Every structure is written in C-alpha cells, then in structure tokens.
Amino acid sequence: MGHHAQGRIEYAPEVDAAYLYLTDARLTPGRESIELETPPDSPATVVMDWKDGKITGLEVLEASALLHPDLLAQAMPPGDDPDLPAGSQRGRPDDR
C-alpha cells in the first residue's frame, strides 16, 4: 500500500472556525484561495486553498453548522501542533 499523508484539523470554537490541513507539509505564503459554493440554506462558508496545483486545505467558517461534532471534538486549538518543535509553527491559513 502507498504512503498516506496525515491531515489534521484545528478548530477555534470562540469564532466557530475550522481549518482542515490536507498535507503535513508546511503551508507557505502564495496559496490561491477559492470560496466554494455551499447549499443555499447553509450559514457556513468554505474556502479551498491551492498551492502548486494541489489542494492544501479547507477553511470552514460557521464550522459547527457544516462539520460533524465528532470531527470537531478531535480538533486541536489553532497553533497547537505537538509534532512541531517549540517555537516553530506550521503555516497558518492567513499566511496566504
């Protein structure tokens, strides 16, 4: 079987926003962002980030309306990555 990249999710309940990382690679500036269409009755906004022809992540605003509670329960707080050395930080969604 092939190697599968580990994605992860961050969730900030105080602003009801989630970011789903679809790569373990550091997210560097220069990504393109495309707002995706959601159902008309959905209050959520979904933005897809692209870099070098690959989808790198999804930002979900009003995340609790769109993502399953089990997924949000597994999420880490923004910037809390135990796999990174202290003081370093994986690229954040606002590093576009």
(message) Of the conditions (1) assigned to a strand (DSSP E or B); (2) in contact with a helix residue (DSSP H, G or I) (Cβ under 7 Å, 6 or more places away or on another chain), residue 64 satisfies every one except a single condition; which number is it?
(response) (1)
(message) Which numbered condition in (1) outside any strand (DSSP E or B); (2) open to solvent by less than 40 Å² (accessible area, probe 1.4 Å) is the only one that residue 28 fails?
(response) (2)
(request) Return the pairs, sorted by first residue and then second, in which the second residue is open to solvent by 60 Å² or more (accessible area, probe 1.4 Å), the first residue lies in region 17-41 and is farther than 16 Å from residue 51 by Cα, the beta carbons are less than 7 Å apart, and the residues are 6+ apart or on different chains. (result) 17/61
(request) Test residue 88 against the stated conditions and say whether it is modelled with pLDDT of 90 or more and either of a type in the set (Gly, Ala, Ser) or in contact with a helix residue (DSSP H, G or I) (Cβ under 8 Å, 6 or more places away or on another chain) (or both). (result) no
(message) Tally up the residues in region 5-21 that are surrounded by fewer than 17 Cβ atoms within 10 Å (Cβ to Cβ) and either touching a Cys at 6+ places or on another chain (Cβ under 8 Å) or modelled with pLDDT under 90 (or both), please.
(response) 3
(message) Filter region 10-40 down to the residues that are acidic (Asp, Glu) and closer than 20 Å to residue 72 by Cβ and list them by number.
(response) 10, 14, 16
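The values are calculated or read from the model by the stated rules, or taken from the named source; none is laboratory data. Predicted model, so just to flag it, every value in this text is computed and none were measured. Neighbour counts are summed over all protein chains in view; Cβ atoms, including those assigned to glycine, are modelled from backbone coordinates with ideal geometry. Note: accessible area is taken over every heavy atom of the protein model, side chains too, but ligands, DNA and RNA are not part of it. Shrake-Rupley method; radii C 1.70, N 1.55, O 1.52, S 1.80 Å.
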